[in-house]
Amino acid sequence: MNESLAITRFLNEAGETSHFIARFFRQWFKPRFELSEFTRQCFVIGYKSLPLVGLTAFIMGLVLTMQLRPSMIDYGVESQLPAIVGIAIVREIGPVITALIFAGKIGSSIGAELGSMKVTEQIDAMEVSGTNPFKYLVVTRVLAATLMLPVLVLLGDAISLYGSYLGVNIRGNTSFVFFWKQVLDNLSFSDVLPAFIKSFFFGFAVGIIGCYKGYNSSKGTEGVGRSANSAVVISSVLVFILDLIAVQVTDLLNLY
Amino acid sequence: MTLIYDINKQQAVVNKNTDDTTETVLSIRHLYKSFKENHVLVDFNLDVSKGETVVVLGKSGSGKSVLIKCIIGLLQPDKGDIELFGKSITGINETELDKIRAKTGFLFQSNALYDSMTVRQNLEFPLRRHWIKVSQQQVNDMVMESLEDVGLAHTVNMMPAELSGGMRKRIALARTLILKPEIILYDEPTTGLDPITGKEIIGLMMEIQQKYNTTSIIISHDMNCVRTAGNRIVILVDGMCYACGNFEQLLKNTDPKVKQFFEGI
């Protein structure tokens, strides 16, 4: 009985989310684009996330290099360290870790902000003031998240590789130019493009789930907390699912 | 205004005197609204004339807030018709609804001030969003005029979080006033305020009504507000307009469902 109830609830939620996504696309193409709010959201979602993304990317690159080094020495391929780290970061670790950090920071903040706006009737007040709240709040945030995450991934990758360069030089002596030559010589367009494209999907997933949870927040402060929490959990899981799909699609298209 | 109370139909019929030539601003006909099995409004009827202040009185959860949210188009009724300024708002398109909303003020129970904006930005928001063509100087003047109306001109650059509950209510009222609405819908304007601040807000609402000759619909269960502000009181019971009249008429009413609201007065 409980299982069937859980399945029904899951299907209901999936249906409502699909409806929300369809509404997003319908509203996106409707005229009167909220350019100033979109620009503000790009600043809040993109620029303000850069310090956190940069710090985690730097540590990730440094630690990954230091952890890989002993194994590379064992196999006698220490000179390939920049190439291996470069491919790992650009193809997989960079987009996924950045998307998870992004889900934690932006997913929760969108969920909590829209949730509290919902329970304090600010969304209704917007509607009464001649504003389409879905366009003003949801479309701008989802688009900003979709466009800003790939930019953050690119910047995060670069910072991560710089961390890796420092990691290589803790116990070695590799020039900056040689390190970057090693990385770039072993990277191809087919490494960068799928990773870049999938980060758009990650950004969209984080934005739409954060907005869906916040916009449909139930009454009360407890509901706001639950919205923020479930926005992070669901969008993080979605990042892994989308990553799995992206790998399969890339494999099918023989891009690797 | 006469009170006709038909106990068989369990529905108060709101009639105006035949010599009453004032313009009807709001007309609600056979309004139904349900949430799943919960029938909130059942064949609700109401007419409101220009300059009139109608107080809708009812228990918590009786559908008072649902009623004014239907009037402003935030909720769609299941059945029935609502005419605001002579135009039906049921099934109306977004642009037309926005035009009607520009002439309608709504004071939310929770004030609904935008947390991320200053008081000035909160007041400017409806002006900018309704695309009213005014210069920045005129916008500044309108903001200051509205703030002066509520006696809070000095808070113009403050954030809502820096204000007390009473001040927030006044700012919300100033935001409602900025478009000089012809009708203002108040959703429990004194809830959560101490009695003194509550009286001040009621006084302010009456001043505004006199100054701008606005029509007002007040949702309340604050008897002080009901007595002081209402020209006419509508009692909402079981989703219907159960009784209607002025304060003295209803005070003398012997029907138990009406009497319960006036016990202890």
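The values are calculated or read from the model by the stated rules, or taken from the named source; none is laboratory data. Model, not experiment: these values are computed from the prediction. Please note: Cβ atoms are built from the backbone with ideal geometry, for glycine as well, and neighbour counts cover all protein chains shown. Side chains are part of the model used for accessible areas, which takes the heavy atoms of the whole protein and leaves out ligands, DNA and RNA. Shrake-Rupley method; radii C 1.70, N 1.55, O 1.52, S 1.80 Å.
Applying the criterion of at least 2 residues that are open to solvent by 10 Å² or more (accessible area, probe 1.4 Å), within 14 Å of chain B (Cβ to nearest Cβ) and touching a helix residue (DSSP H, G or I) at 6+ places or on another chain (Cβ under 9 Å) to the helices (runs of 4 or more DSSP H) found wholly in region A:111-212 leaves A:122-128.
Table: residues versus (1) modelled with pLDDT under 95; (2) farther than 30 Å from B:Lys103 by Cβ; (3) among the hydroxyl-bearing types (Ser, Thr, Tyr).
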{"residue": "A:Thr131", "(1), (2), (3)": "yes, no, yes"}
{"residue": "A:Leu154", "(1), (2), (3)": "no, yes, no"}
{"residue": "A:Ile170", "(1), (2), (3)": "yes, yes, no"}
{"residue": "A:Leu187", "(1), (2), (3)": "yes, yes, no"}
{"residue": "A:Leu193", "(1), (2), (3)": "yes, yes, no"}
{"residue": "A:Ser199", "(1), (2), (3)": "no, yes, yes"}
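Scanning region A:76-91 for residues that are open to solvent by 60 Å² or more (accessible area, probe 1.4 Å) and modelled with pLDDT of 90 or more yields A:Ile84, A:Arg91. For B:Thr104, state whether it is β-branched (Val, Ile, Thr) and within 9 Å of another protein chain (Cβ to nearest Cβ). Here the answer is yes, as B:Thr104 does meet what is asked. Scanning region B:64-83 for residues that are in contact with a Lys or Arg (Cβ under 7 Å, 6 or more places away or on another chain), surrounded by 20 or more Cβ atoms within 10 Å (Cβ to Cβ) and within 16 Å of B:Leu236 (Cβ to Cβ) turns up B:Val66, B:Cys70, B:Pro77. Is one or more of the residues making up region B:43-57 of a type in the set (D, E, K, R) and within 13 Å of another protein chain (Cβ to nearest Cβ)? Checked against the condition, which is being of a type in the set (D, E, K, R) and within 13 Å of another protein chain (Cβ to nearest Cβ), region B:43-57 yields no hits at all. Looking for something within 13 Å of chain B (Cβ to nearest Cβ), among the acidic types (Asp, Glu) and in contact (Cβ under 8 Å) with a residue 60 or more places away in the chain - is there at least one such residue anywhere in region A:71-94? Within region A:71-94, not a single residue is within 13 Å of chain B (Cβ to nearest Cβ), among the acidic types (Asp, Glu) and in contact (Cβ under 8 Å) with a residue 60 or more places away in the chain.
Within region B:61-83, the residues that satisfy the criterion of being in contact with a His (Cβ under 9 Å, 6 or more places away or on another chain) and either over 20 Å from A:Asp124 (Cβ atoms) or within 14 Å of chain A (Cβ to nearest Cβ) (or both) are B:Lys79, B:Gly80, B:Asp81. What pairs can you find where one residue is in region B:153-180 and over 17 Å from B:Asp194 (Cβ atoms), the other is loosely packed, with under 15 Cβ neighbours inside 10 Å and modelled with pLDDT under 90, and their Cβ atoms are less than 6 Å apart, with a gap of 6+ or different chains? Hits for this filter: zero, empty list. If the condition is being β-branched (Val, Ile, Thr) and surrounded by fewer than 20 Cβ atoms within 10 Å (Cβ to Cβ), then region B:253-262 contributes only B:Thr254.
Checked against the criterion of being modelled with pLDDT under 85 and either assigned to a strand (DSSP E or B) or surrounded by 18 or more Cβ atoms within 10 Å (Cβ to Cβ) (or both), the candidates B:Leu250, B:Leu193 yield just one match: B:Leu193. Scanning region B:82-120 for residues that are more than 19 Å from the chain's Cα centre (by Cα) and under 15 Å from B:Leu163 (Cα atoms) gives B:Tyr114, B:Asp115, B:Ser116, B:Met117, B:Thr118, B:Val119, B:Arg120. For B:Gly105, the requirement of being open to solvent by less than 10 Å² (accessible area, probe 1.4 Å) and small (Gly, Ala, Ser) is met.
Would you pick out the residues in region A:19-47 that are open to solvent by 70 Å² or more (accessible area, probe 1.4 Å) and assigned to a helix (DSSP H, G or I)? Hits for region A:19-47 are A:His19, A:Arg23, A:Phe25, A:Arg26, A:Trp28, A:Leu35, A:Ser36, A:Thr39, A:Arg40, A:Phe43, A:Tyr47. Residues that are in a helix (DSSP H, G or I) and either crowded, with 23+ Cβ neighbours inside 10 Å or of a type in the set (A, V, I, L, M, F, W, C) (or both) within region B:202-233 comprise B:Ile202, B:Leu204, B:Met205, B:Met206, B:Ile208, B:Met223, B:Cys225, B:Val226, B:Ala229, listed in sequence order.
In region B:51-133, counting only helices (runs of 4 or more DSSP H) that sit wholly within it, the ones holding 2 or more residues that are over 19 Å from B:Ser220 (Cα atoms) and among the charged types (D, E, K, R) span B:94-102, B:119-129. Close Cβ contacts (under 7 Å, 6 or more residues apart or on different chains) running from residues in region B:115-134 that are more than 10 Å from chain A (Cβ to nearest Cβ) to residues that are part of a helix (DSSP H, G or I) and loosely packed, with under 15 Cβ neighbours inside 10 Å are absent. Does B:Lys199 satisfy the criteria of being assigned to a helix (DSSP H, G or I), open to solvent by 40 Å² or more (accessible area, probe 1.4 Å) and free of Cβ contacts under 8 Å to residues at least 40 places away in the same chain? It is true that B:Lys199 is assigned to a helix (DSSP H, G or I), open to solvent by 40 Å² or more (accessible area, probe 1.4 Å) and free of Cβ contacts under 8 Å to residues at least 40 places away in the same chain. Candidates in region B:84-101 are the residues that are away from every other protein chain (no Cβ under 14 Å) and open to solvent by 70 Å² or more (accessible area, probe 1.4 Å); of these, the one that is farthest from B:Val66 (Cα to Cα) is B:Lys87.
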